[in-house]
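Student: Please read through the structure below; I'll follow up with questions.
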Amino acid sequence: MATSGYRPKAGAAAGSSTAAGKRAGNAPVQKPMHDLTSDQKQEIREAFDLFDTDGSGTIDTKELKVAMRALGFEPKKEELKKMVAEVDRTGSGVIDFNDFLELMTSKMVTPKRDLSEKDTREEIVKAFRLFDDDDTGKISFKNLKRVAKELGENLTDEELQEMIDEADRDGDGEISQEEFLRIMKKTNLY
């Protein structure tokens, strides 16, 4: 295979010529993808794949909302529309994985609000309580299934169980508040 000697600048995503190509003559778009850890990128990929419910390789505004909530964000409808418009270069109303990665990267590497460790913990605990509606101190399969249904997600029992298994460190089949805190902090969203 012949090479042209061209090498993308550090931080440029491979195959991301669409954004730069449409801005010919202007300064290149800064993409801080290199600021994410491989674990963060993997989590973003898993969220995208999980919420691309029709397997189209794209997600619409509704699917985006669910994916972002899974990553710890609570976007409002107007915010979602604005986010899709920012990265939806074709005007199709849907975004592909690279667009989603760009969105989530900007959310995750942008300086966070000045929150103390206590405030951060309180935010995560508040989110935990939304799942734990029966006040057991654990997120059960039933709790997760209810939330998925409320969000309009058509997840199989197997997919829901995989989500629990991912966070369940003590093997009791449920997610404790500490396990939930750990997985949320691991995402660097808080």
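Student: Just to verify a number: FRET efficiency for E178 and K81, C-beta to C-beta distance, R0 = 25 Å, to 0.05?
Tutor: Taking R0 as 25 Å, the efficiency between E178 and K81 is 0.10.
Student: So what are the ³J(HN,Hα) numbers for the stretch 162-169, from phi and the Karplus equation (6.51, -1.76, 1.60; θ = phi - 60°), rounded to whole Hz, Gly and Pro as x?
Tutor: 4, 5, 5, 4, 4, 9, 6, 8
Student: A follow-up question, please. Give the peptides 61-72, 39-50, 77-88 in descending order of average Cβ contacts within 10 Å, highest first.
Tutor: So the peptides 61-72, 39-50, 77-88, ranked by packing, come out 61-72, 39-50, 77-88.
FYI, it's all coordinate maths here, none of it is from the lab. Quick caveat, the model's predicted, so the values are computed rather than measured. Heads up, the Cβs are rebuilt from the backbone with ideal geometry, glycines too, and the neighbour counts pull from every protein chain shown.
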